Amino acid sequence: MTAPGPSAQTPALPVLDVERIREDFPILSQQVNDHPLAYLDNAATSQKPVQVLDALNAYYRRDNANVHRGLHELSRRATDGYEGARTAVADWIGAASPVEIVWTRGTTEAINLVAASWGGANLREGDEILLSEMEHHSNLVPWQLVAQRKGARLRYLELDDEGRLDLEPLPEILAGGRVRIAAITHVSNALGTINPVRELADRLHEAEALLLVDGAQGAAHHPVDVGELGVDFYAFSGHKMCGPTGIGVLWGRERLLEEMPPYQGGGEMIHTVERDFSTWAALPHKFEAGTPNIAGAIAMHAAVEYLRAVGPAEILAHEQMLVGYALERLGTLPNLRLFGPTSPEERAGVVSFAVDGVHPHDVATVLDSEGVAIRAGHHCAQLVMERLGVPATARASFYLYNTAEEIDRLVRGLGTVDSIFGEG
Ligand code: 7TS
């Protein structure tokens, strides 16, 4: 395998002013192993702009206090910041009301909340939960746990050869009348596939089933309007969308959240406490036991404002342009297998691949020695690996600050991989 010369056209970048955007991300201007950093591991976590770093710093320097209790100035500021962030996130995803936004530690906790609370209260023996082979373990294991507890059965949508959901068996699965909820990812973290969420929501609702969407790779890389998507629950993480770690969101329809029992007990989530029982606070506080991640919510507000200013549709267009370019360039390398849909319009900024005869960890290690950061492994999506027939893949994932030149460096690095591991 040899890296091709500059025959593939480096695309013009009309969509975003990437050079300007990169100035907001101080972490990107560093040398790694004597090379400029090319950070292509955004599906794992994104980098943070100064606006987010400043929001965190300002909160702890000036406003830090606990929320919803103190009658003093700092507590008022902390509460206003925390609740203001909730309103901003509600607006960002088109929620009907801020009470539908529950702060969590991230996508994983949001899905566990629904599986434990909604699933615990509503699932009966013989009920079915519909998942897909594409799911991250965060959207599988919580459902396995509740299914085991309640005697429910897990059903799976499978993948076609290009890594899209195969919806052909769906009518038959739904005709059984036992599916109560489906939990499906918006965008695959392993393949980049964007799923037809609206169609799924409509078909599930016709069968009187609910749809939870794992939006970990959705909200960060795709414009999201939960009303237009027609879903019932949407879960996402701050750290994948320019926000800090440790903060995420569960959005749910108010009526559903209202009917669900609390997920954890503690301070902040109660209305009254007696010796043997308690009553619950109103939404969304019923689901927010204990002192929350106040700084995280406030910094996530800054991340949302940042992404809003750049434009979510523009970010997706930029990623799709980079994916198109990466598929074109990687596609010319012999001994390299690409996974996922061949059309860039069907995917967000993720490209998974395997180099024949070279373990993905070795690929990632060689690329790291040239300052190119990618991820290698099963990406917490072992069912996808099983379907692809590989133990692991190498994965490059892009965001608003990535450039075509960084993809050229990825391709050059794969030339180095070939010169080290290739035959001859
Ligand atoms: N769902 C999907 C589709 C994901 O990609 C991830 C994280 C999660 C859920 C869990 O999110 P968390 O913020 O609660 O951890 N995905 C990845 C990844 O692809 N590489 O590292 C983490």
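The values are calculated or read from the model by the stated rules, or taken from the named source; none is laboratory data. Everything numeric here is computed off the predicted structure, so don't read it as measured data. Methodologically, a virtual Cβ is constructed for each residue, glycine included, from the backbone with ideal geometry; neighbour enumeration extends over all protein chains shown.
Can you confirm whether ASP368 is within 25 Å of the chain's Cα centre (by Cα), in the same structural domain as HIS35 (by TED's automatic domain parsing) and not in a strand (DSSP E or B)? For ASP368, the condition - within 25 Å of the chain's Cα centre (by Cα), in the same structural domain as HIS35 (by TED's automatic domain parsing) and not in a strand (DSSP E or B) - is met. How about region 31-54: which of its residues are of a type outside the set (A, V, I, L, M), part of a loop (DSSP other than H, G, I, E, B) and within 12 Å of the ligand (Cβ to nearest atom)? Matches in region 31-54: ASN42, THR45, SER46.
Yes/no matrix, rows are residues, columns are (1) of a type outside the set (Ser, Thr, Tyr); (2) buried (at least 22 other Cβ atoms within 10 Å of the Cβ); (3) within 16 Å of the ligand (Cβ to nearest atom); (4) touching a residue at least 40 places away in the same chain (Cβ under 8 Å):
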position	(1), (2), (3), (4)
ARG69	yes, no, no, no
THR79	no, no, no, no
ALA85	yes, yes, no, yes
GLY94	yes, no, no, yes
PRO98	yes, no, no, yes
ILE101	yes, yes, no, yes
ILE111	yes, yes, yes, yes
VAL114	yes, yes, yes, yes
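Taken as a whole, region 175-188 holds at least one residue that is more than 24 Å from the chain's Cα centre (by Cα), modelled with pLDDT of 95 or more and hydrophobic (A, V, I, L, M, F, W, C).
A residue that is modelled with pLDDT of 95 or more and more than 17 Å from PRO244 (Cβ to Cβ) occurs somewhere in region 53-62. The single residue among VAL226, VAL179 that is closer than 23 Å to ALA88 by Cβ, touching a residue at least 40 places away in the same chain (Cβ under 8 Å) and more than 11 Å from the ligand (Cβ to nearest atom) turns out to be VAL226.
Scanning region 116-146 for residues that are surrounded by 18 or more Cβ atoms within 10 Å (Cβ to Cβ) and either basic (Lys, Arg) or more than 16 Å from the ligand (Cβ to nearest atom) (or both) gives SER117, TRP118, GLY119, LEU123, ASP127, GLU128, ILE129, LEU130, VAL146.
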